[in-house]
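This report refers to the structure that appears directly beneath it.
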Amino acid sequence: MIPDHRENTNRSTAKAIAKPAVRRVMAMLMVLCLALLALPLRAEEKIIHSHGISAFGDLKYEEGFAHFDYVNPDAPKGGEFSTWAFGTFDSLSPYILKGNAAAMSSVFFDSLLTGNLDEPDAAYGLVADWLEYPENREWVVFHLRPEAKFSDGTQITAQDVVFSYEVLRDKGQPVYKVLFKDIQNVEALDDAQVKFTFNPDGPLREMIMTVGGLPIFSKAYYETRDFSESTLEPPLGSGAYELLSVDPGRSVSYKRRDDYWAKDLNVNVGQNNFDVLKVEYYTDYTSAFEAFKGGAYSFREEFLSLLWGTAYDFPAIEKGWVKVETLPDGRPAGTQGWWFNLRRPIFADPRVREAISMAFNFEWSNESLFYGLYERTDSFWENSDMQAEGMPSEAELALLEPLREFVPETVFTEPAFVPAVSNPSKVADRRVLRRAGKLLDEAGWTVGNDGIRVNDKGERLKIEMLNDSPSFERIFNPYIENLKRLGIETASKRIDNAQAQEREKNFEFDITVRRYSMSQTPGNELRGIFGSETADVHGANNIAGVKNEAVDALIRVIENAKSREELTTAVKALDRVLRAMHIWVPQWYKPVHNIAYFDIYDRPYTDTPPKIALGEMGLWWFNPDKYQALKDAGAIR
């Protein structure tokens, strides 16, 4: 055969052309292979194995620690701790929308991790023996303790954790959908290992602690029960307490489990000291106080200034049977106020909201009604270093400037908003009311012939304020009179606590009272309180219906803050924006706890409790000698 030189020539040419390309491809493949080989090594270097986790920095307590510093590890067990709650209850299911759950009803359940009272941004293993996660926190694997069991003796498994996540997501309160938004996957690797994978663009700083704090339910138990239905049947849990007795709407008692699997675990040492926890319910603050004086329950934190200022001189105190104390509070004071329902068109103009706020004369109320016990709240993070003050800093402006079109201009031109200061000598400060009236005029609400303000459509400026407590009427009534002086037709709607909760869940209100306890390490819980995604979700915590792009953006910055300094700056910026929006009428706070209790308890601290809380009452313990002495004296029923 005569060779085809053309074919040979073509092949040679192709080979000549291909050599550089082949070399390039081979080089690229070599680089890719090396990169793939290197990835596991880098990932392995970044995997953290730990007994706990902190949002920022190192953990205070090293692996194998004996107990938290603030407890008494030798605290005796026994006795009863009793207190009171306002309103009523019809359920032992605190994680669903239906019903009103009893106080302390979450005590049935344990979680993978648990916090402590002197580290606001840390958590340690409870059901989880240890956890592993990469430095970027895009996933976590919890390794469950083999000794962790439900109260019926069955093992807590990874499948139970997966079920708990899924049932809270699908049937729990609306807040869980918000908290779980950035969870991409949850899987049981085996019976003792559960893996959570998160959205890499989500709030990774806190997601591990978020899922670590979820209650764990028994999958087998709920195979024959509907989780979404309210019930008074005591649930199967793995916590330190189980139900002792329940009188629906009146009282509930829990008893300590002798067979609790984690009673000797380091995170529980010196805690859960009472044999019985009991809560008595009352529909009025004054009647609850009278019951306390008579010994119906043993511990009371006083929230009513009238009583604290005038009534704590009864015989049991004079005889030394009841101790009265004021303890410092190291936490943010909480956001208590009258909240506007921003879903109502009548509140669309911020000038209307600001004018309504100005009608509340705090200074007169504090002097005439509160005995000077309170300070005015002006921040959503009052009593903390996250409170915005003065003009925005350069660091705050760096966050705020890109959002300028979504926030009031006063954020940039004026110091952080503070409520108007009124004359304390008279309830109606005409100077302040005139300023409020001018705001209403500018908003298009002018005084009609009958003294009630109307808009250009002839609609009356009419509002209703929800009130579920007779004790609050002395505060509501002067405020309402000032609103009427402004030409606002105002009514206070007295309803019971259960009705109030239902109306709030369904946004059936104009103005209502609400208090939020703000975290020392704010994060994705802010979505539930101020985020647009929850503004129209029935039963969500966004009671006001806040829906603002700048607020959403700042919440994302807070969630992703890499340091405490970044977090504080972002919270201050958010605080500044929310205050300028006038979404509420801020009320008052006190940076202390006023408590009274029958002298039958001891506690591990004297004057100064753990910084971030009054102190879980589980740290206290029952003193049988003190109890017997008071019983012999006839002080206790």
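The values are calculated or read from the model by the stated rules, or taken from the named source; none is laboratory data. All values reported here derive from a predicted model rather than from experimental measurement. Because the Cβ atoms are built from the backbone with ideal geometry, glycine has one as well, and the counts that use them run over all protein chains shown. The protein model used for the area step is the full one, side chains on, heavy atoms only, and it has no ligands, DNA or RNA in it. Shrake-Rupley method; radii C 1.70, N 1.55, O 1.52, S 1.80 Å.
A few notes on this one:
- Taking the stretch 496-515 as the range and being in contact with a helix residue (DSSP H, G or I) (Cβ under 9 Å, 6 or more places away or on another chain) and open to solvent by less than 20 Å² (accessible area, probe 1.4 Å) as the test, the residues that pass are Phe509, Ile511, Thr512.
- Close pairs (6 angstrom Cβ cut-off, 6 or more residues apart or separate chains): on the phi > 0 side of the Ramachandran plot and outside any loop (DSSP other than H, G, I, E, B) in the stretch 485-496, of a type in the set (Val, Ile, Thr) and surrounded by 20 or more Cβ atoms within 10 Å (Cβ to Cβ) anywhere: none
- Scanning the stretch 550-583 for residues that are open to solvent by 10 Å² or more (accessible area, probe 1.4 Å), under 30 Å from Asn366 (Cα atoms) and either outside any helix (DSSP H, G or I) or touching a His at 6+ places or on another chain (Cβ under 6 Å) (or both) yields one hit, His582.
- Scanning the stretch 144-188 for residues that are of a type in the set (Val, Ile, Thr) and either in contact with a Cys (Cβ under 6 Å, 6 or more places away or on another chain) or surrounded by fewer than 17 Cβ atoms within 10 Å (Cβ to Cβ) (or both) yields a total of 1.
- Yes/no for Gly249 being surrounded by fewer than 18 Cβ atoms within 10 Å (Cβ to Cβ), touching a residue at least 60 places away in the same chain (Cβ under 8 Å), at positive phi and assigned to a loop (DSSP other than H, G, I, E, B): yes
- Filter pass, Val211 being under 22 Å from Arg145 (Cβ atoms), surrounded by 14 or more Cβ atoms within 10 Å (Cβ to Cβ) and in contact with a helix residue (DSSP H, G or I) (Cβ under 6 Å, 6 or more places away or on another chain): no
- For Arg343, the test of being basic (Lys, Arg), surrounded by fewer than 18 Cβ atoms within 10 Å (Cβ to Cβ) and under 25 Å from the mean Cα position of the chain (by Cα) is passed.
- Residue satisfying condition, being within 25 Å of the chain's Cα centre (by Cα) and either modelled with pLDDT of 95 or more or of a type in the set (Phe, Trp, Tyr) (or both), within set Glu233, Glu242, Glu223: Glu242
- Residues satisfying the stated conditions in the stretch 584-606, i.e. under 30 Å from Tyr627 (Cα atoms) and in a strand (DSSP E or B): Val592, His593, Asn594, Ile595, Ala596, Tyr597, Phe598, Tyr601, Asp602
- Odd one out for Tyr124, checked against (1) assigned to a loop (DSSP other than H, G, I, E, B); (2) over 30 Å from Gln499 (Cβ atoms): (1)
- Residue check for Val161: over 21 Å from the mean Cα position of the chain (by Cα), closer than 23 Å to Leu265 by Cα and assigned to a strand (DSSP E or B): no
- Against the list (1) over 26 Å from Ala553 (Cβ atoms); (2) among the hydroxyl-bearing types (Ser, Thr, Tyr); (3) surrounded by fewer than 18 Cβ atoms within 10 Å (Cβ to Cβ), the condition Ser218 fails is (3).
- Residue in the stretch 83-101 that is at pLDDT 95 or above, open to solvent by 60 Å² or more (accessible area, probe 1.4 Å) and not in a loop (DSSP other than H, G, I, E, B) present: no
- If you check Arg331, Arg376 for being within 19 Å of Ala580 (Cβ to Cβ), open to solvent by 10 Å² or more (accessible area, probe 1.4 Å) and either β-branched (Val, Ile, Thr) or touching a residue at least 40 places away in the same chain (Cβ under 8 Å) (or both), only one passes: Arg376.
- Every condition in (1) of a type in the set (Gly, Ala, Ser); (2) touching a helix residue (DSSP H, G or I) at 6+ places or on another chain (Cβ under 7 Å); (3) crowded, with 21+ Cβ neighbours inside 10 Å holds for Ser238 except the one numbered (2).
- Residue pairs meeting the criteria (Cβ under 7 Å; at least 6 apart or on separate chains; first farther than 18 Å from Ala355 by Cα, in the stretch 406-431; second open to solvent by 30 Å² or more (accessible area, probe 1.4 Å) and assigned to a loop (DSSP other than H, G, I, E, B)): Pro415/Gly390; Pro415/Met391
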